[in-house]
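Each value in this text was obtained by applying a stated rule to the coordinates, not by laboratory testing. Quick caveat, the model's predicted, so the values are computed rather than measured. Note: ideal-geometry Cβ built from the backbone for every residue, glycine included; neighbour counts use all protein chains shown.
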Amino acid sequence: MHVHLPPAARRPHARLTRAAVVTTGSTRYRARPSPAGITVVSDSIELPALYLKRNEDARLRAGHLWVFSNEVDVARSPLGTFEPGQAVAIVDHRDKAIGVGYVNPNSLIAARLVSRGLEHALDRSLIVHRLNIALALREQLYAQPYYRLVYGESDGLPGLVLDRFGDVVVGQIATAGMERIKDAITDAVVKVLKPRQLWWKNDSSIRAMEQLPEYADLGHGEYGGEVVAREGELAFGIDPVGGQKTGWFYDQRENRDQLARFVRGKRVLDMFSYLGGWGLRAAAYGASEVVCVDASAAAVEATARNAERNGLADRVTAIRADAFDHLKALREARERYDVVILDPPAFIKRKKDFKEGSLAYRRLAELGMQVLARDGILVMCSCSHHMPRAALLDGVQQGARHLDRQVQMLVSLQQGPDHPVHPAIAETDYLKGFICRVLPA
Ligand code: SAH
């Protein structure tokens, strides 16, 4: 049924003077003054208000979750009056509340919206609710409890990542707001999943932007026992403290599934192999020989152990080397592989590094093609948000033309569905790749 309401009823708002009313569209809330600015009160919560300047609510209303520091009306809500990570009501310049979020006066991203409206406080019960919604998707997608359970903004929990490894959860907190409610998150995870262990792998360099220290620690459970990632039919021992990120890259799982069609009976080179995710999956799909190359000694040792563990050691070799040096050496030695997989770390961490970084991707693609057989398969990936998909393919194409080769792009790759993309937040769409056939010109 369509109901016509007079404009005032459809968009109720009132000018917020001291002790006035903040509205969210459906409900009215009393607001009263407090030392930290206006306090917004609903039936269930009481929060200081973070005011936006005129028109700076548009992006949030369009679905984004971030407030940049220059969008805050600091005359009405001086950022210095907030503590890092404090929960706030985000209120537009017409005094209409947008929702509940958290603030960090030390960060360029001054606030993140966690919940629209003023019904829900930033507490354990909200996190439990979000975890259950996230879990429902993953349980539908995967037969076994091995996946990214929470992917930050895309799962309505900005600044929080949780990866699940059976009865172990490894979390990463990126913001002061999530750090402040870490105990509530821990309680929520324990309530929903009852894990044997919850690790906090809070050592990302992006924490510096929120002035947070870097550390890795057990958040729940007892020390000891093995942590295993399962993918395909394989098991990979991972290290939740010393490993990369959470210890495993679930984002490539569905892309690695694609190897089945390309590697049977083939010689495969897996560059930047970490624990051998691509290489071991290729070996399991029937590759005749797999070489995994990584610069990290720990990763190379773990790859060899993982090959052994999965009964693939007879076909898998793990080598410690710099990828660029190794590819050049293979080129000089005229070694050739049927399938070359290039899945490097992010070459472009900041936008200003685009030129240099995109050149590195192109150089890498070219080196990869130089060790490919005449009719070979190149898997080229980038996990840099700042590297557009089209630019990556351009780099492959330019490299091919430079070598007088011809490229057919066969499969376009992206992060798996346990890393959902938030359509309003471009940063959530970061992984791209291609499976290409490379032929002589
Ligand atoms: N392909 C992996 C993920 C790669 S993570 C997977 O699917 O799981 C990036 C890896 O690149 C890390 O293991 C790191 O040790 C390695 N690395 C970084 N720089 C390197 C270099 N110059 N040469 C070789 N390996 C490098």
Open item on the list: Let me check I've understood the local charge: for residue 65, count other residues with C-beta under 10 angstrom from its C-beta, Lys and Arg +1, Asp and Glu -1. What total comes out?
Closed with: +2
Open item on the list: Given N residues in the stretch 124-227, what is its alpha carbon radius of gyration divided by 2.2 N^0.38 Å?
Closed with: 1.01
Task: Order of 436, 383 - criterion: other Cβ atoms within 10 Å of each residue's Cβ, fewest first - done: 383, 436
- [ ] Report, in whole Å, the centroid distance computed from the Cα atoms of the stretch 338-373 and the stretch 200-238.
- [x] 27
Task: Derived scalar couplings ³J(HN,Hα) [the stretch 204-209; Karplus, 6.51 cos²θ - 1.76 cosθ + 1.60; whole Hz; x for Gly, Pro] - done: 6, 5, 5, 5, 4, 5
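Which of 54, 315 comes first, and how do the rest follow, when ranked by fewest Cβ neighbours within 10 Å?
The fewest-first ordering by Cβ neighbours comes to 54, 315.
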Open item on the list: Under 20 Å between alpha carbons, and skipping anything fewer than 8 positions from residue 53 in its own chain: which aspartates and glutamates qualify?
Closed with: 71, 73, 92, 95
- [ ] Report, as a whole number in µm² per second, the diffusion coefficient that Stokes-Einstein gives for the chain at 37 °C and 0.692 mPa s using the Kirkwood radius over alpha carbon pairs.
- [x] 138
- [ ] Let me have the 222 nm mean residue ellipticity of the chain computed from DSSP H runs of 4+ only, each contributing -39500 (n - 2.57), with the sum over all residues rounded to the nearest 500.
- [x] -7500 deg cm²/dmol
Task: Distance between modelled label sites at residue 308 and residue 58, nm, 7 Å Cα→Cβ extension - done: 6.1
Open item on the list: Among 300, 340, 382, which residue has its Cα furthest toward the positive end of the charge dipole of the chain, with +1 on Lys/Arg Cβ and -1 on Asp/Glu Cβ?
Closed with: 382
Open item on the list: Can you compute the charge dipole magnitude of the chain about its Cα centre, using +1 on each Lys and Arg Cβ and -1 on each Asp and Glu Cβ, nothing else charged? Give it in debye, rounded to the nearest 20.
Closed with: 1360
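Within a 10 angstrom radius of the beta carbon, how do 198, 403, 52 rank from fewest other beta carbons to most?
Lowest count first: 403, 198, 52.
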Task: Pairs beyond 21 Å (Cα-Cα), from 245/328; 182/349; 349/432 - done: 245/328; 182/349
